[in-house]
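The values are calculated or read from the model by the stated rules, or taken from the named source; none is laboratory data. Every value quoted in this text rests on a predicted model; they were computed, and no experiment measured them. FYI the Cβ positions are ideal-geometry reconstructions off the backbone, even for glycines, and counts take in every protein chain you see.
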């Protein structure tokens with residue numbers, strides 16, 4: 001039994017790192033760059049800043065959609081259990097991408 005748990009943990013750990021943790025780190029880094037540089041720091045930005053603004057905005061939209069699609073997949077798989085005892089944690093997962101889409105828009 002322990003071997004099965006250890007085997008599944010390695011698969012779960014790899015999946016979590018590759019598909020959830022790494023994208024989340026890039027998502028946060030992109031948001032920090034966007035909020036610190038492009039959200040009110042410059043009154044008259046140069047044209048090169050406009051390109052960076054568009055790129056960071058697009059990345060934030062893509063990351064937000066990625067995480068929202070992940071949550072929708074969880075909702076489809078767990079159905080009504082999604083709104084059960086894990087509602088607060090699921091709200092923590094859903095709200096930041098929604099807020100970021102609202103801020104960037």
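Might you check whether a residue that is modelled with pLDDT under 85 and in contact with a helix residue (DSSP H, G or I) (Cβ under 6 Å, 6 or more places away or on another chain) occurs anywhere in the range 26-40?
yes
Could you list, in sequence order, the residues of the range 48-73 that are surrounded by 12 or more Cβ atoms within 10 Å (Cβ to Cβ) and either at pLDDT below 90 or touching a strand residue (DSSP E or B) at 6+ places or on another chain (Cβ under 7 Å) (or both)?
49, 52, 53, listed by residue number.
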